[in-house]
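Reading through the structure tokens given below for one structure.
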Amino acid sequence: MSPFTKILVFGKNGQLARSIAEVFKNSNIHFVSQQDLDLRLSVAIVPFVTAQNPTLVINAAAYTQVDLAETQKSEAESVNALAPKMLAMACESLKIPFIHFSTDYVFDGAKTVPYVETDSPGPLNFYGETKLRGEQAVQQHCEKHLIFRVSWLYSEHGKNFFLTMLKLGTERQQLKIVNDQVGAPTYTLEIAKMLAQTLPEINNNWGLFHFANQGSATWYEFAKEIFAQARQNGLPLRVDTVEPIATSQYPTPATRPANSRLNISKFESTFSYRPAMWSDALSSCFSAYMRR
């Protein structure tokens, strides 16, 4: 499945790493948890990676609490900006590739069409700032790098919009969901499958790529589809009214971009994997959720 003999994956208990574990079942892949190495302790990162002597490092760890990042700045910066820098430096010293994940939130959302890799970033929140600094550090410190900007991640694991909606849908009769932010909901298993197919195709195609499920939706449209598919799967829901609202009606500590759609044509012209439509990927997620 992979040309790499020892893959080190950081973020063991996160939803992305859990999806990677499902896809890379028979590979020589080693998952690193926070207990194994706390990425907030930057001085420990290079010695740890060097001692493991991997042939590829994948960073699936991140501080993803967008609103809390506005106050927990040091933790967000340590995990999202400084840790990727140290991981990149470790990979460069070993002369091995480094795969890192960034976010659609590096953009300000002012464009009316999907963002391409060469568009100028302009994050609106501190989370986006730290992720931008992280990807810039990777580009600076590791020659053989792949950075994937991904958007609106969800899965049957962890904490995410999909699971939150299923929980609220059983607890409340009415919900109000933001309908003026648009992006591409992306199932983490899709990213894991993409990695499995892409690794043998790298061929020095290093650099920055956008990747997401096909199509786009607002959070309101995403929620409506979650509830529709939940009912199709026979899940008991209490919710009967989902009202679209403006971002201004739902103030949050961190500002979100109105448009964070990612243009994935560069990825598709470089690699062979073709992601599913977001609604089809959601259906796959429901299948996994129902099997739990």
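The values are calculated or read from the model by the stated rules, or taken from the named source; none is laboratory data. Since this is a predicted model, take the numbers as computed values, not measurements. Using ideal geometry, Cβ is built from the backbone for each residue, glycine included, and neighbour counts are taken over all protein chains shown. Accessible surface areas use protein heavy atoms only, side chains included; no ligands, DNA or RNA. Shrake-Rupley method; radii C 1.70, N 1.55, O 1.52, S 1.80 Å.
Surrounded by fewer than 16 Cβ atoms within 10 Å (Cβ to Cβ) and either modelled with pLDDT under 95 or in contact with a Lys or Arg (Cβ under 6 Å, 6 or more places away or on another chain) (or both): which single residue out of 241, 270 fits that description? Break it down stepwise before answering.
Working: 270 fails: either modelled with pLDDT under 95 or in contact with a Lys or Arg (Cβ under 6 Å, 6 or more places away or on another chain) (or both).
None of the other options fit; the residue is 241.
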- So which residues in the stretch 168-196 are assigned to a helix (DSSP H, G or I), modelled with pLDDT of 95 or more and out of contact with any Leu (no Cβ under 7 Å at 6 or more places or on another chain)? 189, 190, 192, 193, 194, 195
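Residue by residue, here is whether (1) within 18 Å of the chain's Cα centre (by Cα); (2) under 30 Å from residue 143 (Cα atoms) holds:
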residue	(1), (2)
178	no, no
186	yes, yes
189	yes, yes
208	yes, yes
216	yes, no
231	no, no
260	yes, yes
263	yes, yes
270	no, yes
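Confirm whether residue 123 is over 15 Å from the mean Cα position of the chain (by Cα) and under 18 Å from residue 152 (Cβ atoms).
On the way: over 15 Å from the mean Cα position of the chain (by Cα): yes; under 18 Å from residue 152 (Cβ atoms): yes.
Answer is yes for this residue.
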- Count - residues of the stretch 134-147 that are open to solvent by 20 Å² or more (accessible area, probe 1.4 Å) and within 23 Å of residue 258 (Cβ to Cβ): 0
- Inside the stretch 218-292, counting only helices (runs of 4 or more DSSP H) that do not spill past its ends, which hold 1 or more residues that are under 21 Å from residue 115 (Cβ atoms) and touching a helix residue (DSSP H, G or I) at 6+ places or on another chain (Cβ under 7 Å)? 219-232, 278-291
